[in-house]
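The values are calculated or read from the model by the stated rules, or taken from the named source; none is laboratory data. All of these numbers come straight from a predicted model, not from anything done at the bench. Every residue, glycine among them, receives a Cβ derived from its backbone with ideal geometry; neighbour counts consider all protein chains shown. These accessible areas exclude ligands, DNA and RNA; they are computed on the full protein's heavy atoms, side chains included. Shrake-Rupley method; radii C 1.70, N 1.55, O 1.52, S 1.80 Å.
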Amino acid sequence: MTRFHDFNLKLLVIEELMYSAGTLLPVYDLGEALAARGIGDPASYALENDLVGEVLPEPREYFEALEIPAELLATVEELCFDAGADVFRHCAPAWDGEDDLFDVRSLDDLDLLPGLREVTFVEDGVLAVPDAAEVFAARGITTDE
């Protein structure tokens, strides 16, 4: 089983495979998961239960347990370190993007992505690794800011 050390990097890989490429199935939908428990709007649920600044337990358990085959990981050619990723909305539906909840703090998991060729990170993104550009350059991964 492939094991990620940085949960937030795993979420960005899931963003690419599940929500962008559509190759990691089934697609997780927090709204559907909560509706099955009789809970309406995910954002309201998070606000009412003081869960704004954290990943909800349901998606955390789902995504932590989600196994991604090495063959599928090898298809990841690009990642975007953007606070606007869909997967974040399914994890923390009332998150405003103003804190470090989804910051990637380690790039040690890059070995799991042998096909990664390009990364994009934006000024208000979620990449919090010192000297990240140098790490990417050493691996032959191009960067776009």
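Descriptive notes on the structure:
- Failed criterion for Glu145 (all others in (1) under 20 Å from His5 (Cα atoms); (2) charged (D, E, K, R); (3) open to solvent by 30 Å² or more (accessible area, probe 1.4 Å) hold): (1)
- Boolean, Leu73 is under 16 Å from the mean Cα position of the chain (by Cα), buried (at least 18 other Cβ atoms within 10 Å of the Cβ) and more than 19 Å from Arg3 (Cα to Cα): no
- The range 114-125 - residue that is open to solvent by 30 Å² or more (accessible area, probe 1.4 Å) and farther than 27 Å from Gly53 by Cα and, of those, nearest to the chain's Cα centre (by Cα): Glu118
- Residue within the range 47-57 that is under 15 Å from the mean Cα position of the chain (by Cα), open to solvent by 70 Å² or more (accessible area, probe 1.4 Å), closer than 21 Å to Val27 by Cβ and not hydroxyl-bearing (Ser, Thr, Tyr) present: no
- Glu98 being among the acidic types (Asp, Glu), over 11 Å from the mean Cα position of the chain (by Cα) and either over 27 Å from Ala133 (Cα atoms) or modelled with pLDDT of 95 or more (or both): no
- Residue within the range 106-113 that is part of a helix (DSSP H, G or I), open to solvent by 40 Å² or more (accessible area, probe 1.4 Å) and in contact with a helix residue (DSSP H, G or I) (Cβ under 8 Å, 6 or more places away or on another chain) present: yes
- Criterion: touching a helix residue (DSSP H, G or I) at 6+ places or on another chain (Cβ under 8 Å), more than 19 Å from Ser20 (Cα to Cα) and acidic (Asp, Glu) - qualifying residue of Asp86, Asp103, Asp131, Asp99: Asp103
- Checking each residue in the range 58-70 for being over 24 Å from Asp111 (Cβ atoms) and open to solvent by less than 50 Å² (accessible area, probe 1.4 Å) picks out Glu58, Pro59.
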